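**Student:** Quick one: the structure is below, and I'll ask about it shortly.
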Amino acid sequence: MPAERNNSKTLLALGVICLLSGVGIYFTFGRNADSTPPSLSIDSSTEKTPSSEPILIPSGTYLIGCDTGPRDARPARRIQLMPFHIDPTEVTNAMFAKFVQATGYQTDANRKGYSLCFDKRSRQFVRQEGANWQHPDGPDSSILGKETFPVIHVSWYDANAYAKWAGKSLPTEFQWEAAARGQSLSGDFPWPRGTKQEAHQLGNLWQGEFPLHDKALDEHHGIAPVATFPASQHNLFDLAGNVAEWTSSYYAEDSYDLIGETDPTGPNQGEMRVTRGGSWLSSDQTGVSEAAVWYRGKLTPETSTNFTGFRCVSRSE
């Protein structure tokens with residue numbers, strides 16, 4: 001896990017992303033009824049993932065935050081949550097293709113003509129022309145054969161549009177953390193404490209010094225198919241690494257000082273939205289890890305990247 005100085009570099013890199021994405025103008029995702037879906041390069045009926053039945057997270061007391069973590073993860077708090085269901089995996093390319101076929105939706109990256117990528121060759125964050133969810137590495141790339149990979153190059157607006165279409169919502173960051181941590185009042189990761197498995201056996205993370213060298217001990221130099229790694233105690237997959245996941249929550253550094261104790265949602269406005277879970281870029285070095293259950297990432301909502309995806313939740317009846 002990265003030392004604090006490496007964590008600062010990662011935060012700086014994310015800051016660069018936000019600067020590159022700019023404030024921009026978000027063009028509404030409303031569509032005419034006769035809009036035509038783009039040509040898809042995969043069979044959206046393909047489903048090879050584990051059961052997609054949502055997992056019930058029971059009501060109860062959950063711990064959020066970490067008193068030894070970054071300022072924005074303090075103080076640790078106990079909160080009460082009502083029951084909810086959460087999808088066992090991140091939304092896949094096949095799942096997102098069904099949405100696009102049904103609605104003709106155009107993502108932010110489709111409309112802008114570019115998306116933000118961490119380029120594995122130059123080891124830099126770049127604005128990649130022609131990158132979008134169907135062409136993750138640019139216009140000459142494809143998601144053919146990658147039906148079960150998490151969809152990437154989706155902005156918060158895109159993720160929210162999918163969730164509404166599916167009759168669900170994006171999780172609050174507190175629901176996400178509760179699902180990842182479970183009702184344990186200790187532990188930093190979604191896998192059991194004291195496990196004898198190494199981090200690279202449990203999640204798709206960066207092994208080595210970021211951004212200089214990825215040893216790929218987990219056998220992946222980028223995103224991996226969902227459910228490649230073991231599930232958490234709630235039978236949820238990829239809560240640490242693979243892709244960072246959008247939440248519905250606005251970001252504020254002092255959120256944990258201000259939230260209520262029952263079903264908190266966070267601030268009601270802000271310039272950024274919270275992401276959770278780290279990604280394949282989360283470095284496996286000592287110190288603070290972006291893949292920790294309490295780590296709070298943040299991006300401007302119009303930003304799309306090759307390391308950000310999402311999963312959905314719904315209220316328990």
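**Student:** Restricting attention to the alpha-carbon atoms of the stretch 87-222, what are Rg (one decimal) and Dmax (integer), both in Å?
**Tutor:** Taking only Cα atoms of the stretch 87-222, I get Rg and Dmax of 17.1, 47 Å.
**Student:** With a cut-off of 8 Å between alpha carbons and a minimum separation of six or more residues, what is the relative contact order of the stretch 161-317 in percent?
**Tutor:** Working: 297 pairs, mean separation 45.5, N = 157.
Worked out over the stretch 161-317, it gives 29 percent.
**Student:** Roughly how many nanometres apart are two label points built 7 Å out from the Cα toward the Cβ at Gln124 and Arg71?
**Tutor:** Taking the simple label geometry, Gln124 and Arg71 are separated by 3.0 nm.
**Student:** To continue, here is another question. Under the classification rounded if a/c is under 1.5, otherwise prolate if a/b is larger than b/c and oblate if not, where does the stretch 53-143 fall, given a ≥ b ≥ c as square roots of the Cα gyration tensor eigenvalues? Provide the component values of the computation, followed by the final result.
**Tutor:** Details: a/c = 3.22, a/b = 1.55, b/c = 2.08.
Oblate.
**Student:** Going by C-beta contacts inside 10 Å, put Asp158, Asp140, Asp188, Asp214 in order with the fewest on the left.
**Tutor:** Values: Asp158 27, Asp140 7, Asp188 19, Asp214 22.
With the fewest neighbours first, Asp158, Asp140, Asp188, Asp214 line up as Asp140, Asp188, Asp214, Asp158.
**Student:** Something else: Set the bar at 27 Å for Cα to Cα. Now go through Lys112/Lys298; Lys98/Lys215; Lys98/Lys120; Lys146/Lys168; Lys120/Lys298 and name every pair that lies beyond it. Intermediate results must be reported in sequence, preceding the final value.
**Tutor:** On the way: Lys112/Lys298 21 Å; Lys98/Lys215 35 Å; Lys98/Lys120 30 Å; Lys146/Lys168 24 Å; Lys120/Lys298 22 Å.
Those over the limit are Lys98/Lys215; Lys98/Lys120.
**Student:** So how far apart, in nm, are the two label points at Glu253 and Leu217 if each is 7 Å from Cα heading toward Cβ?
**Tutor:** 3.4
**Student:** Using the 10 angstrom Cβ neighbour count as an exposure proxy, how do Thr148, Thr262, Thr247 rank, fewest first?
**Tutor:** Fewest-to-most ranking of Thr148, Thr262, Thr247: Thr262, Thr148, Thr247.
**Student:** With r as the distance between the Cβ atoms of Asp263 and Asn235 and R0 = 25 Å, compute the FRET efficiency 1/(1 + (r/R0)^6) and round to 0.05.
**Tutor:** Details: r = 23 Å, r/R0 = 0.92.
Computed FRET efficiency for Asn235 and Asp263: 0.60.
**Student:** I would also like to ask the following. Just to be sure I understand the model, the point goes 7 Å from the Cα along the line to the Cβ. What's the resulting Ser142 to Ser316 distance in nm?
**Tutor:** Computed distance between label sites Ser142 and Ser316 equals 4.4 nm.
Read the figures in this text as sums done on the coordinates, not as results from a lab. What you see is a predicted model, and the numbers here were worked out from it, not measured in a lab. Quick reminder, even Gly has a Cβ in these numbers, built from the backbone with ideal geometry, and neighbours come from all protein chains shown.
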